[in-house]
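Asks: Structure provided below as structure tokens; questions to follow.
The values are calculated or read from the model by the stated rules, or taken from the named source; none is laboratory data. Fair warning: this is a prediction, and the values are worked out from it, not measured in the lab. Note that we place each Cβ from the backbone using ideal geometry, even for glycine, and neighbour counts take in every protein chain shown.
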Amino acid sequence: MALEILLILVFGGITGIVLLLHMLGLSARATLPDGAAAAKAWADEFADDPALEVILCRDHHAALITTARGRGIVWPMGADTTARYLTGARIYPTKTGLRIDLPDFTAPHIDLRLEPDEARDWPDLMEKPA
Amino acid sequence: MTDMLSYPEVTHIAVPFFIAAILAELLWIVIKRRGGRYETRDALTSLIMGAGNVAASILLGFIAWGFFMVLWALTPLDLGTSLGVVALCFVLDDLRYYWVHRFGHRIRWVWASHVNHHSSQHYNLTTALRQTWTGTFTLMMIVRAPLVLLGFHPAMVLFCGGLNLIYQFWIHTEAIGKMPKWFEAVMNTPSHHRVHHGRNARYLDANYAGVFIIWDRMFGTFVPELEDDKVDYGLVHNLGTFNPLRVAFHEWLGIFRDVRQPGLSLRQRLMYMLAPPGWSHDGSRDTSRAIKHKHLAQNPQDAGTPGF
């Protein structure tokens, strides 16, 4: 197959599929219905360090987790979630909430959409010793 | 000896089919409201990884090709190009695939290349295209050397490898439950391969087959999909990024950082490259074996069941 045709197929195919997915409403972020769901999402990543305390953000897209080992965060990865400890995190306010920079190549930045009061209170909660 | 032999570049020819099949699967899921899940950014990452894989094969393919042609010049054997030889080559190359794939899960150096294929939490036809950009660096081309030395022309070996990958495309779906029993017994199927993509303790390091599931049955790595243990897709620790560059290179960087830690012996540095993923010199991480042991400690009733 000629390289030009392959390139057109690949770029056209990717663009078309992605536009279609977005128009079908398949770009929605995962939501955490309640604290138990957030604790389960945490346990999915760190099964041997269960959540002792869960603070769910008001729009149910993220949760601050306290465990025996420290504090962590659960946040949406598209329609799913992932989680990380907040060890070494740098936290910055943004127009829509908070940005967390982690020393982790596989999760370098987390953008949290939070209500203004949550954005004000969460940094202290994140840095408070567990 | 046949020096000049060419076969169609089947993985490139199959691109329109891949696109059509993805659209068909998506349509099925949207209409039927079952049979899998799609998410925009996840699918975009998978498709970019697929495009990058094609680009990498165009840019770096000459390395493996050059290696095979050197072997071809050395071997006195030439099995010819009959249909029977192509069929035999396909079966033996599938055996080769089984072992490369098994190494890909048990040797961190090879896992660094293969991990991206498992990095989606979804399991649909785009996941099939979430392929490595760094396969050449694993040097797993060596595992194909015996085929060339036995007299299978390098072009035929690569052609069969391409057919193998095309076969594996359709098994990355939740839209198909189980195939007829005879088919499930011999061939790799969506059900068998769902198990392979599972992060459940039961399903780790199982079902490495490409086309024929018989290799897993022969070498003791077969685990059936169980109705009461629904497959949870993704990595033991899922990624927190959709950035294709991070997806492609994160494990290589992890190896680099681990190997450079101060105070390690030479053996420990080598183990960080060659031991199974999750190995650590201080036992601070879990290999798949440790994960299974922990699961059994908490769920002793699972001992002796498939995967444990």
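Asks: Please count how many residues of region B:230-242 are touching a residue at least 12 places away in the same chain (Cβ under 8 Å) and either in contact with an Asp or Glu (Cβ under 7 Å, 6 or more places away or on another chain) or within 8 Å of another protein chain (Cβ to nearest Cβ) (or both).
Replies: Counting residues in region B:230-242 that are touching a residue at least 12 places away in the same chain (Cβ under 8 Å) and either in contact with an Asp or Glu (Cβ under 7 Å, 6 or more places away or on another chain) or within 8 Å of another protein chain (Cβ to nearest Cβ) (or both) gives 6.
Asks: While we're on this one: Give the residue, chosen from B:217, B:144, that is buried (at least 18 other Cβ atoms within 10 Å of the Cβ) and in a helix (DSSP H, G or I).
Replies: Residue meeting the stated conditions: B:144.
Asks: Could you look through region B:16-52, keep only residues that are of a type in the set (Val, Ile, Thr) and farther than 22 Å from residue A:2 by Cα, and pick out the one that is farthest from the other protein chains (Cβ to nearest Cβ)?
Replies: B:31
Asks: Of everything in region B:152-181, what is in contact with an Asp or Glu (Cβ under 7 Å, 6 or more places away or on another chain), free of Cβ contacts under 8 Å to residues at least 60 places away in the same chain and crowded, with 21+ Cβ neighbours inside 10 Å? Give them in sequence order.
Replies: none
Asks: In region B:286-307, which residue that is of a type in the set (S, T, N, Q) and surrounded by 16 or more Cβ atoms within 10 Å (Cβ to Cβ) is farthest from residue B:198 (Cα to Cα)?
Replies: B:287
Asks: Now for a separate question. Could we say that residue B:55 is within 14 Å of chain A (Cβ to nearest Cβ), part of a helix (DSSP H, G or I), more than 18 Å from residue B:145 (Cβ to Cβ) and modelled with pLDDT of 95 or more here?
Replies: In short, no.
Asks: Something else now. Quick check on region A:40-96: of everything there that is aromatic (Phe, Trp, Tyr) and part of a strand (DSSP E or B), which residue is farthest from residue A:112 (Cα to Cα)?
Replies: Result: A:85.
Asks: Hey, can you tell me all the residues within region B:259-285 that are closer than 17 Å to residue B:138 by Cβ and either assigned to a loop (DSSP other than H, G, I, E, B) or at pLDDT below 95 (or both)?
Replies: The answer is B:275, B:276, B:277.
Asks: Return the only residue of B:83, B:77, B:71 being touching a helix residue (DSSP H, G or I) at 6+ places or on another chain (Cβ under 8 Å), aliphatic (A, V, I, L, M), exposed (fewer than 13 other Cβ atoms within 10 Å of the Cβ) and away from chain A (no Cβ under 14 Å).
Replies: Result: B:77 is the single residue among B:83, B:77, B:71 that is touching a helix residue (DSSP H, G or I) at 6+ places or on another chain (Cβ under 8 Å), aliphatic (A, V, I, L, M), exposed (fewer than 13 other Cβ atoms within 10 Å of the Cβ) and away from chain A (no Cβ under 14 Å).
Asks: Evaluate the following for residue A:111: is it within 14 Å of another protein chain (Cβ to nearest Cβ), part of a loop (DSSP other than H, G, I, E, B) and over 19 Å from residue A:39 (Cα atoms)?
Replies: Against the criterion (within 14 Å of another protein chain (Cβ to nearest Cβ), part of a loop (DSSP other than H, G, I, E, B) and over 19 Å from residue A:39 (Cα atoms)), residue A:111 does not qualify.
Asks: Looking at region A:26-39, can you tell me whether even one residue there is closer than 24 Å to residue B:233 by Cβ, facing chain B (nearest Cβ under 10 Å) and in contact with a His (Cβ under 9 Å, 6 or more places away or on another chain)?
Replies: Taking every residue of region A:26-39 in turn, at least one turns out to be closer than 24 Å to residue B:233 by Cβ, facing chain B (nearest Cβ under 10 Å) and in contact with a His (Cβ under 9 Å, 6 or more places away or on another chain).
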